[in-house]
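Nothing in this text is a laboratory measurement; each read-out follows from the coordinates by a stated rule. As the structure is a prediction and not an experimental result, all values here were calculated from the model. Reconstructed Cβ throughout: ideal geometry from the backbone, glycine too, with neighbour counts over all protein chains shown.
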Amino acid sequence: MKTNPILFCFALMLGCTTGNNYPTKYANTVCDSMFTCIDNESIETFTGYDDIDECKEKEEENYRESSIFDSFEEGDVEFNAEAADRCLNEIAEVKNDSDCDGEMNIISYLADAASEDCAEVYE
């Protein structure tokens, strides 16, 4: 079977984390792990998000409106794809924690999801 190189390259691009798609991937990862581990009432109390869709929308919006993302768009800072992938993996791994049971304390969640890599995504 012959593989179409254009489709293969397009599929690779969709899976890669870039400086432009990172805010979306970050929002999806954070909200997915939060709504898996923490009870929805605590999330709503702490963040104001009623559901996972609102969380994803607002988290992405907040990231895209941040000063660091503005600096990236202006070319003042570079995107570190390796740090971005490590950051996203750390956040996603919280779902594998033994206390990720839908009743996790939000402070515990924040401590478990914290990663220095997240601060090094745009440098």
Relative to the Cα centre, what is the charge dipole magnitude of the chain, using +1 at the beta carbon of each Lys and Arg, -1 at the beta carbon of each Asp and Glu, and rounding to the nearest 20 debye?
740
Amide H contacts under 5 Å for Y122, placed H, 5+ residues apart:
N80
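Starting from 0.36 nm per residue, how many nanometres of slack lie between D39 and E93 once their C-alpha separation is accounted for?
Result: 17.7 nm gained on full extension.
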Tell me, rounded to the nearest percent, the portion of alpha carbon pairs in the chain spaced more than 20 Å apart.
49
Below 8 Å, C-alpha to C-alpha, sequence gap of six or more: please give me the relative contact order for region 18-120 in percent.
39
Label-to-label distance, nm, for residues given as A81 and S67 (7 Å Cα→Cβ offset)
2.9
